[in-house]
Amino acid sequence: MERLSQIYNMLSDSNRLRILKLLEHKPMCVCELTYVLGISQPSISRHLRKLKVAGLIDRRPDKQWTEYFINRRGDEYSRIVIGNLGGWLNDDPVILEDLGKSAQANRDNLCGQ
């Protein structure tokens, strides 16, 4: 029961839901997520850390960045939630705006490297 409660706790925050919906479409770095969501880099990092601990996302190095992506190999609960995520919020105006903005997010320009 504790594991399922942990996953639903992750889904109770709108910024974490927005991050999951963005990562559902493509892997992204912190700079890109900061640009799209319009919240601070430390806040994005905290949300990513919580989502990773919950097993909903994972990360990998990509050149000089760390790229975050949906973890499709998690435990049974996280796989079910991630599988259902594809059908959730697809017509939500905030999610649609985020997806539009993410298409313009270019880490080469945003991250200042």
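The values are calculated or read from the model by the stated rules, or taken from the named source; none is laboratory data. Small disclaimer: the values here were computed from a predicted structure and weren't measured. Here Cβ is always computed from backbone atoms with ideal geometry, including for glycine, and neighbour counts include all displayed protein chains.
Residues in the stretch 79-110 that are touching an Asp or Glu at 6+ places or on another chain (Cβ under 8 Å), buried (at least 18 other Cβ atoms within 10 Å of the Cβ) and not hydrophobic (A, V, I, L, M, F, W, C): Ser102, Arg107.
Matching residues to (1) buried (at least 18 other Cβ atoms within 10 Å of the Cβ); (2) modelled with pLDDT under 95; (3) touching a Phe, Trp or Tyr at 6+ places or on another chain (Cβ under 6 Å); (4) among the acidic types (Asp, Glu):
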| residue | (1), (2), (3), (4) |
| --- | --- |
| Asn15 | no, no, no, no |
| Glu32 | yes, no, no, yes |
| Leu37 | yes, no, no, no |
| Lys50 | no, no, no, no |
| Ile57 | yes, no, yes, no |
| Gly112 | no, yes, no, no |
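Across the stretch 67-78, the qualifying residues are those that are touching a Gly at 6+ places or on another chain (Cβ under 9 Å) and in a helix (DSSP H, G or I), and the one among them that is surrounded by the fewest Cβ atoms within 10 Å (Cβ to Cβ) is Tyr77. Of all the residues in the stretch 46-66, those that are out of contact with any Gly (no Cβ under 8 Å at 6 or more places or on another chain) and in a loop (DSSP other than H, G, I, E, B) number 3.
Considering Pro42, Pro27, the condition of being at pLDDT 95 or above and surrounded by fewer than 14 Cβ atoms within 10 Å (Cβ to Cβ) is satisfied by Pro42 alone. The set of residues in the stretch 99-113 that are more than 17 Å from Gln41 (Cβ to Cβ) and either in contact (Cβ under 8 Å) with a residue 40 or more places away in the chain or among the hydrophobic types (A, V, I, L, M, F, W, C) (or both) comprises Leu99, Ala103.
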